[in-house]
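All remarks here apply to the structure that follows.
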Amino acid sequence: MRFRAFVACFVALAGAVLPARAEDSSKAVEPTMVIRLKSLDGIISDAKYLAGLAGQADKAAEADAAIQALAGAKGLAGTGLDTSRPIAIYAIVGGGGLDSKGVVMLPVANETAFMEMLSDIVGRFGVTGKKDDDGVYVFAIPGAPVQVCIRFANKYAYVAAGLDRSAVEPANLLPPTSKSLTAAPGELVGLTFNIDRIPDMLKQIALQQLQVQLAAAKDKKAPNETSAQAAFKAQVLEFAFQRIKMFLTQAGAAEVKVVIDRAAGDISLQGSLTAKPGTELSREITDTTNRPTAFGGINADALRTILNLAVPEVLRQSLSAVVDEGIEQAIQKEKDPTKKEIARKVLTAIGPTLKAGVLDATGGITGPNAAGHFTAFAAVQVKDGKGIEKALKDLCDQIPAKERDAVKLDAETIGGISVHKIMPRPHLDEHLRMLFGDEAAVLVAFRADAAFIVFGDPGATATMKSLIESKPGKAGAMIDVRGSIARLAGMDKDNGPKAQKAAEEVFGRNPRGKDIVSFRVEGGRAITVKFSLKADILKFGSRMNESK
């Protein structure tokens, strides 16, 4: 009976997503927002699948049995619901706000059974309903100004709460075949928000309110804020307002969905934003793809990170002023003349890179190699790499004599580029020596356009060579992070051996991609964001919990 009560509450509350008022029923349904849910059978099946991966299959079976029992003697089938078809909620935002509509679509296999169940439950609370001549069931709620209306069509119960029944008029019913209700393969739940279907009047009201708030923020001066910082803040706030305005006036649809792809063994959270064709926003989204990078072809088998981001051109001049001001303040804080001069050289050398407003970087971890060691690396695009190198060499003169032997400038040459070596062994704890080797060294090198750092055993030289020899290319994404759980498991300081054993049991000696977790942001036709992990990672997590 509790499940039936839940259904009744769902009908009453979800139907009241937005109040409904009369509107021209001749207009086609154009939902502003749609929430898609997999069928009840699909939800239960996915829950069992995930629970099984997490080692909780028995609890999932118990929960399923409890749901069936709560639904009554006939189980879910006795509620009249069709458990094999998806559920949906959609909203249509009206120009006045209050003339908006919210509708719940419940798949129904047996209209009579569904209404008997619903009437039985709501009747206990003094709520009565009747069917009018047009086939709409109307439930009056004592003491409430709204009523709940239910119309059966397309094998669904369309449920809405409002001042009238306009939301369930035939012309306002969203058909199950609508594009808005089309779920991606494996989609468990999805939300589509059509920004272009928000009434212009509401957008203007929102922008006016935002403009007032931003004006106040511009006028509010922070303690010790300089003129350069104030100018930069004002530009950032104005840029933010223009981008929000562009979003509201030029965006198409924003989507978020959870997808469980059992065939691929993949679980993901995905988001996307499209723009109206031919707009400035559309062009900007397109321009975010295939940006140039100084590090084409760099890869890593344990962990790889790629960042390709840029400060908008309109902000770079004011950013440059803030960087110059910050550098000068940092220099003036140093009272020692020698240290002040070194600080001036170093900060002046890196200043052009900071003022460029571009972050083109890659980093990662490779291994374990034949010796069981890892190698970590990072590379970042810079302006005047050789100038930075010279400033850092000058800085080395300030290193205390007892530490200076650990630093070897120009230790070797790779492709005409000097590689400097730092031997930090006395400062490495046992765990780091185990991961990177007793003779692990830090290698540092500079090209005119890039800075490189590598940490690892003698084999790290090969990694530095691949970085130095990397060629310009195109970045496939703005952010791309990809990790191999099987390879990284052994880096766990407290549970390394257990993690390695669990990883081999779950993924095998050659995981073939079954252990990958990733996060990616890219442009193109749309801005897309995707966090994904292989399903077997849940199994790995379960094994690790069992071992504790």
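Its Cα gyration tensor gives segment 403-473 an equivalent ellipsoid; the semi-axes, largest first and in whole Å, are 23, 14, 9. Label-to-label distance for Met423 and Ala140 is 9.3 nm, based on points extended 7 Å past Cα in the beta-carbon direction.
For Ser178 and Thr413, the difference between the fully extended length at 0.36 nm per residue and the C-alpha to C-alpha distance is 78.2 nm. Think of it as helices only: each DSSP H run of n ≥ 4 in the chain is worth -39500 (n - 2.57), and spread over all residues that comes to -12000 deg cm²/dmol at 222 nm. Solvent-free Debye calculation, one equal scatterer per alpha-carbon of segment 167-229: log10 I(q)/I(0) at 0.16, 0.19, 0.25 Å⁻¹ equals -0.80, -0.92, -1.10. Using the Cβ-Cβ distance between Glu225 and Asp324 with R0 set to 22 Å, the FRET efficiency works out to roughly 0.85.
Based on Cα atoms of segment 361-422, Rg over Rh with Rh as the Kirkwood radius reads 1.04. For segment 169-275, the square roots of the Cα gyration tensor eigenvalues, ordered a ≥ b ≥ c, give a/c of at least 1.5 with a/b no greater than b/c, which places it in the oblate category. Between Gln213 and Arg525, the contour length at 0.36 nm per residue exceeds the Cα-Cα span by 109.1 nm. Among the listed pairs Lys48/Lys514; Lys474/Lys530; Lys203/Lys257; Lys221/Lys245; Lys355/Lys421, those with a Cα-Cα distance over 23 Å are Lys203/Lys257; Lys221/Lys245; Lys355/Lys421. Proximity of backbone amide H atoms, modeled 1.01 Å from N, is registered between Glu412 and Val419 at under 5 Å, excluding neighbours fewer than 5 places apart on the same chain. Cα extents for the chain along the principal axes, largest to smallest and rounded to whole angstrom: 94, 59, 40. Helices meeting the span-like rule in the chain (full DSSP H runs, Cα extent of at least 24 Å along the helix axis, mean Kyte-Doolittle score of -0.5 or higher): 200-219, 227-250, 313-333, 337-356. Close amide H contacts of Val108 (hydrogens built in the peptide plane, cut-off under 5 Å, sequence separation of 5 or more or a different chain): Asp82, Tyr156, Ala157. Here the label points at Glu30 and Val256, each 7 Å from Cα along the C-beta direction, are separated by 2.5 nm in the simple model.
Normalising the average separation of contacting C-alpha pairs (under 8 angstrom, six or more residues apart) by the number of residues puts the relative contact order of the chain at 14 percent.
Every read-out reported here was derived from the displayed coordinates using simple, explicitly stated rules and does not represent laboratory data. As the structure is a prediction and not an experimental result, all values here were calculated from the model. When we count neighbours, we look across all protein chains shown, and the Cβ atoms used for this are built from the backbone with ideal geometry, even at glycine.
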